[in-house]
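K.L.:
Dropping the structure in here first, questions after.
The values are calculated or read from the model by the stated rules, or taken from the named source; none is laboratory data. Bear in mind the structure is a predicted one, so any value in this text is a computation, not a measurement. So basically every Cβ, Gly included, is an ideal-geometry build from the backbone, and we count neighbours across all protein chains shown. Remember, those area values only see protein heavy atoms, side chains included, never the ligands or the DNA or RNA. Shrake-Rupley method; radii C 1.70, N 1.55, O 1.52, S 1.80 Å.
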Amino acid sequence: MWIEVLLFAVASFWVGLSGAMVPGPMLTVTISDSLKKGYKAGPLIVLGHYIAEITLMILLVLGLGWAIGSKTATMIIGGFGGLMLIYIGYVIAKSPVPSKIPGEEESTEKRGSIISGIITSVTNPYFYLWWATVGWAFMLKGIELAGVIGVLSFLVGHWGADLTWYSLVSFFTSKGRHVLPGKRYKIMMIVCGVFLVLLGVYFIYSTLIA
């Protein structure tokens, strides 16, 4: 059984990694926060993502999966999420160029990065779609395989993938910020902001035509 549990965790890791690597609001915010705050931003954003996922898993276990996947919920989440992403994108694009690159020993504004992780998760309609389909299927398979241990195996693999990918993105982005002074830094922030705005518009549009 333990070999099967281990293989299940590995499979969960690679499935989670394939999802984490897809460009989206969380990746964009990770890049922008890492440029401003350093390599610690990535893990803190992932922590916020974990909080959102744990909350959603509790709702699924309580039997609210039907409500999450309903058309009304999709419209509300897509509309509100799109507006939030547009706002976050605007704030990022308008952020001023720092007078100096903050040192790693300085504050990384923990609360801001954690909240960013929560917001970019709960405002993304595809977050709910993934958990209502792939995520829920993996949880049921884990229960079938080894009960609670099987579910924990899935979470270790899935969460390990998120933490690995976004930590790497944050680390290399923070190292690159030293070669992004002044105008180049501002251009990067504008690109991130515009991407989030366009993604927000897409979420709203896709909700309206659904």
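K.L.:
Given the options Lys186, Lys141, name the one that is open to solvent by 80 Å² or more (accessible area, probe 1.4 Å), out of contact with any strand residue (DSSP E or B) (no Cβ under 7 Å at 6 or more places or on another chain), touching a residue at least 24 places away in the same chain (Cβ under 8 Å) and not aromatic (Phe, Trp, Tyr).
P.N.:
On the way: Lys186 fails: open to solvent by 80 Å² or more (accessible area, probe 1.4 Å).
Lys141 is the lone residue from the list that is open to solvent by 80 Å² or more (accessible area, probe 1.4 Å), out of contact with any strand residue (DSSP E or B) (no Cβ under 7 Å at 6 or more places or on another chain), touching a residue at least 24 places away in the same chain (Cβ under 8 Å) and not aromatic (Phe, Trp, Tyr).
K.L.:
Filter the range 34-52 for residues that are among the charged types (D, E, K, R) and modelled with pLDDT of 90 or more and give the result.
P.N.:
Scanning the range 34-52 gives a single hit, Lys40.
K.L.:
Go through the range 1-25 and give me each residue that's open to solvent by less than 20 Å² (accessible area, probe 1.4 Å) and within 23 Å of Gly193 (Cα to Cα).
P.N.:
Hits for the range 1-25 are Ala20, Gly24, Pro25.
K.L.:
Being at pLDDT 80 or above, surrounded by fewer than 16 Cβ atoms within 10 Å (Cβ to Cβ) and among the hydroxyl-bearing types (Ser, Thr, Tyr) narrows it down to one of Thr30, Thr55, so name that one. Before the answer, list the steps.
P.N.:
Details: Thr30 fails: surrounded by fewer than 16 Cβ atoms within 10 Å (Cβ to Cβ).
Just one listed residue meets the conditions, Thr55.
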